[in-house]
Amino acid sequence: MKFGRSDFKRIRSSMLLSLAMLFCGSLTVYYAINDRRQAQRTQANTARVLSGADAKLKQVSNEESEVKKKSLIFNQLQERGVIGDEQRLEWIELLKDIRDRRRLLDLEYEIAPQRQIEGSSDNDFSFYASAMKLQVKLLHEEDLERLLADLRSQAKALIMARSCTVSRLPIVSDEHANLLAACEIDWITLRNSAKR
């Protein structure tokens with residue numbers, strides 16, 4: 001079968017319609033691909049924005065958690081009386097109370113002037129220490145451990161024993177103490193240095 005000019009006239013409208021449909025289909029595919037690329041770019045931008053927002057949210061959440069922890073520590077220190085001016089009179093009364101409660105034979109102390117701890121300034125707050133030389137006569141070493149434990153748990157300051165030496169006392173018939181402890185203790189407080 002041969003295809004002639006007369007046959008072309010019959011299929012011309014179908015061919016034109018096919019070409020028009022092909023053109024429309026091509027345009028549709030082109031716009032679909034273009035829209036898809038645009039949607040992918042928008043999705044990538046949205047993912048970057050979302051990722052950045054998520055990172056900021058995590059950072060804020062971490063900072064909030066850190067502030068809560070520091071606030072809790074600050075409140076605990078404040079409740080315990082560590083924050084604020086030193087309270088030497090209460091410290092002395094506490095030492096006398098422990099001496100009486102623990103039945104310590106002899107307790108002597110000397111408190112040095114308060115000094116700022118170097119490198120402790122953080123914004124408005126600074127740590128201050130008052131050094132105390134403490135001598136106490138003991139029946140046995142456990143009395144010293146109890147004394148320091150009582151100070152750490154009850155004092156309105158942080159207690160840091162820098163050194164303690166225990167030596168044996170000479171035997172005297174009317175003396176009940178066997179040992180002499182000499183300690184250097186720092187009474188540490190936290191104070192708003194901007195108010196000073």
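Would you pick out the residues in region 38-80 that are over 19 Å from the mean Cα position of the chain (by Cα) and of a type in the set (Gly, Ala, Ser)?
Correct list: Ala39, Ala44, Ala47, Ser51, Gly52, Ala53, Ala55.
Against the condition open to solvent by 50 Å² or more (accessible area, probe 1.4 Å), charged (D, E, K, R) and closer than 17 Å to Asp186 by Cα, how does Glu142 come out, does it pass?
Spelling it out, it is not the case that Glu142 is open to solvent by 50 Å² or more (accessible area, probe 1.4 Å), charged (D, E, K, R) and closer than 17 Å to Asp186 by Cα.
May I ask you to list the residues in region 88-113 that are among the hydrophobic types (A, V, I, L, M, F, W, C), closer than 20 Å to Leu138 by Cα and part of a helix (DSSP H, G or I)? Can you show your working first?
First, pick out the residues of region 88-113 that are among the hydrophobic types (A, V, I, L, M, F, W, C): 89, 91-92, 94-95, 98, 104-105, 107, 111-112.
So of that shortlist, the ones also closer than 20 Å to Leu138 by Cα come out as 92, 94-95, 98, 104-105, 107.
Once the filter is applied, which keeps residues that are among the hydrophobic types (A, V, I, L, M, F, W, C), closer than 20 Å to Leu138 by Cα and part of a helix (DSSP H, G or I), region 88-113 yields Ile92, Leu94, Leu95, Ile98.
With respect to Glu63, determine if the residue is farther than 17 Å from Cys164 by Cβ, part of a helix (DSSP H, G or I) and open to solvent by 80 Å² or more (accessible area, probe 1.4 Å).
Here the answer is yes, as Glu63 does meet what is asked.
Going by what's in this entry, would Asp85 be described as of a type in the set (D, E, K, R), part of a loop (DSSP other than H, G, I, E, B) and open to solvent by 90 Å² or more (accessible area, probe 1.4 Å)?
Yes, satisfied.
Can you find a residue that is assigned to a helix (DSSP H, G or I), surrounded by 10 or more Cβ atoms within 10 Å (Cβ to Cβ), under 26 Å from the mean Cα position of the chain (by Cα) and among the charged types (D, E, K, R) anywhere in region 19-37?
no
Considering only region 154-172, state which residues are open to solvent by less than 80 Å² (accessible area, probe 1.4 Å) and of a type in the set (Ser, Thr, Tyr). Steps first, please.
Narrowing region 154-172 to residues open to solvent by less than 80 Å² (accessible area, probe 1.4 Å): 154-159, 161, 163-164, 166-167, 169, 172.
Once the filter is applied, which keeps residues that are open to solvent by less than 80 Å² (accessible area, probe 1.4 Å) and of a type in the set (Ser, Thr, Tyr), region 154-172 yields Ser163, Ser167.
Is it the case that Ser120 is at pLDDT 90 or above, surrounded by 13 or more Cβ atoms within 10 Å (Cβ to Cβ), closer than 22 Å to Glu79 by Cβ and touching a Phe, Trp or Tyr at 6+ places or on another chain (Cβ under 6 Å)? Let's see the steps before the verdict.
Numbers: at pLDDT 90 or above: no; surrounded by 13 or more Cβ atoms within 10 Å (Cβ to Cβ): yes; closer than 22 Å to Glu79 by Cβ: yes; touching a Phe, Trp or Tyr at 6+ places or on another chain (Cβ under 6 Å): yes.
Here the answer is no, as Ser120 does not meet what is asked.
Would you point out which residue out of Lys133, Lys137 is at pLDDT 85 or above and either in contact with a Cys (Cβ under 8 Å, 6 or more places away or on another chain) or assigned to a loop (DSSP other than H, G, I, E, B) (or both)?
The unique qualifying residue is Lys133.
The values are calculated or read from the model by the stated rules, or taken from the named source; none is laboratory data. Only a predicted model underlies this, so the values are computations on that prediction, with no experimental measurement involved. Backbone-built Cβ (ideal geometry, glycine too); neighbour counts: all protein chains shown. What goes into the accessible areas is simple: the full protein's heavy atoms, side chains included, and nothing from ligands, DNA or RNA. Shrake-Rupley method; radii C 1.70, N 1.55, O 1.52, S 1.80 Å.
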